[in-house]
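> Below you will find the structure I want to go over with you.
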Amino acid sequence: VKYTAGWGAITGVVAYNSNYEEWAGKVRLDVKATDQIDLFIMGGYGGEDLDKGINHTYYKQWDGNWAVWGGGTYKFNEKTSFNVQASYDQGKTFGLAANIAHQLVPGFTVTAEVDYLNEGNFGKPDYTGSWTNANKKNSVGGLIRFQR
């Protein structure tokens, strides 16, 4: 379900996974702050049953029941934009991504991105209902994307 207006949009989606008998949903708010700045915030909630070994499903790919995302885009000009996004979930996983996208010619965009992930202090479920005592894990990555 989506409602769009000149100021932005509100979007909601709900999914049910019949294999796991679990559901997940997300609500997103997009706001056009200025002609150059677009912002968004999104919240997600979904079922989790560690006794059955269910933490992630196709529709709920975050740790725990809930997650939040936020970010924005700054348009330098018609061809170049800077994008940033942060995420956090109940499992204390934090992610941050930033990129610059530039349209070299109409229909051909190059994007360079850097990503950071901190998996938190809770560890991961061992699918018996218990949580492991894993130490905090950090990772940094990046990509270059050529899109036509």
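> Would you check if there is a residue in the stretch 33-42 being acidic (Asp, Glu), over 18 Å from Gln147 (Cβ atoms), modelled with pLDDT of 90 or more and out of contact with any Cys (no Cβ under 7 Å at 6 or more places or on another chain)?
Step one: filter the stretch 33-42 for residues acidic (Asp, Glu), giving 35, 38.
Among the residues that remain, those that are also over 18 Å from Gln147 (Cβ atoms) are: 35, 38.
From the residues that got through so far, the ones that are modelled with pLDDT of 90 or more too are 35, 38.
When the remaining residues are screened for being out of contact with any Cys (no Cβ under 7 Å at 6 or more places or on another chain), the result is 35, 38.
There is at least one residue in the stretch 33-42 that is acidic (Asp, Glu), over 18 Å from Gln147 (Cβ atoms), modelled with pLDDT of 90 or more and out of contact with any Cys (no Cβ under 7 Å at 6 or more places or on another chain).
> Pairs under 6 Å by beta carbon, first residue over 18 Å from Glu21 (Cβ atoms) and assigned to a loop (DSSP other than H, G, I, E, B) in the stretch 41-69, partner at pLDDT 90 or above and of a type in the set (Ser, Thr, Tyr), six or more apart or different chains?
Listed pairs, sorted by first residue: Asp63/Thr93.
> State which residue is modelled with the lowest pLDDT when the search covers only the stretch 117-138 and only residues that are surrounded by 11 or more Cβ atoms within 10 Å (Cβ to Cβ) and part of a strand (DSSP E or B).
Within the stretch 117-138, the first condition is being surrounded by 11 or more Cβ atoms within 10 Å (Cβ to Cβ), and the residues that meet it are 117-127, 129, 131, 134, 136-137.
The next check asks that each one be part of a strand (DSSP E or B); those that pass are 117-118, 125, 131.
On the way: Leu117: 93, Asn118: 92, Pro125: 51, Trp131: 47.
My answer is Trp131.
> Of the residues that make up the stretch 5-20, is at least one buried (at least 16 other Cβ atoms within 10 Å of the Cβ), touching a Gly at 6+ places or on another chain (Cβ under 8 Å) and not in a loop (DSSP other than H, G, I, E, B)?
Within the stretch 5-20, none of the residues are buried (at least 16 other Cβ atoms within 10 Å of the Cβ), touching a Gly at 6+ places or on another chain (Cβ under 8 Å) and not in a loop (DSSP other than H, G, I, E, B).
> Right, next: Taking Gly91 and the conditions (1) assigned to a strand (DSSP E or B); (2) touching a residue at least 24 places away in the same chain (Cβ under 8 Å); (3) not aromatic (Phe, Trp, Tyr), which numbered condition does it fall short on, given that it satisfies the others?
Of everything listed in (1) assigned to a strand (DSSP E or B); (2) touching a residue at least 24 places away in the same chain (Cβ under 8 Å); (3) not aromatic (Phe, Trp, Tyr), Gly91 misses just condition (1).
Residues are listed down the side, and each one gets a yes or a no for (1) surrounded by 15 or more Cβ atoms within 10 Å (Cβ to Cβ); (2) β-branched (Val, Ile, Thr); (3) at pLDDT 95 or above; (4) closer than 25 Å to Val27 by Cβ:
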{"site": "Asp49", "(1), (2), (3), (4)": "no, no, no, yes"}
{"site": "Thr57", "(1), (2), (3), (4)": "yes, yes, no, yes"}
{"site": "Asp63", "(1), (2), (3), (4)": "yes, no, no, yes"}
{"site": "Ala67", "(1), (2), (3), (4)": "yes, no, yes, yes"}
{"site": "Ala101", "(1), (2), (3), (4)": "yes, no, yes, no"}
{"site": "Leu104", "(1), (2), (3), (4)": "no, no, yes, no"}
{"site": "Asp115", "(1), (2), (3), (4)": "yes, no, yes, yes"}
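> State whether one or more residues within the stretch 73-88 are at positive phi and of a type outside the set (A, V, I, L, M, F, W, C). Can you show your working first?
First, pick out the residues of the stretch 73-88 that are at positive phi: none.
No; the residues of the stretch 73-88 include none that is at positive phi and of a type outside the set (A, V, I, L, M, F, W, C).
> Looking at (1) of a type outside the set (Ser, Thr, Tyr); (2) under 30 Å from Gln103 (Cβ atoms); (3) in contact with a Lys or Arg (Cβ under 6 Å, 6 or more places away or on another chain), can you tell me which one Gly71 breaks?
Among (1) of a type outside the set (Ser, Thr, Tyr); (2) under 30 Å from Gln103 (Cβ atoms); (3) in contact with a Lys or Arg (Cβ under 6 Å, 6 or more places away or on another chain), the lone unmet condition for Gly71 is (3).
The values are calculated or read from the model by the stated rules, or taken from the named source; none is laboratory data. Given the structure is predicted, the values throughout are model-derived calculations rather than measurements. Neighbour counts are summed over all protein chains in view; Cβ atoms, including those assigned to glycine, are modelled from backbone coordinates with ideal geometry.
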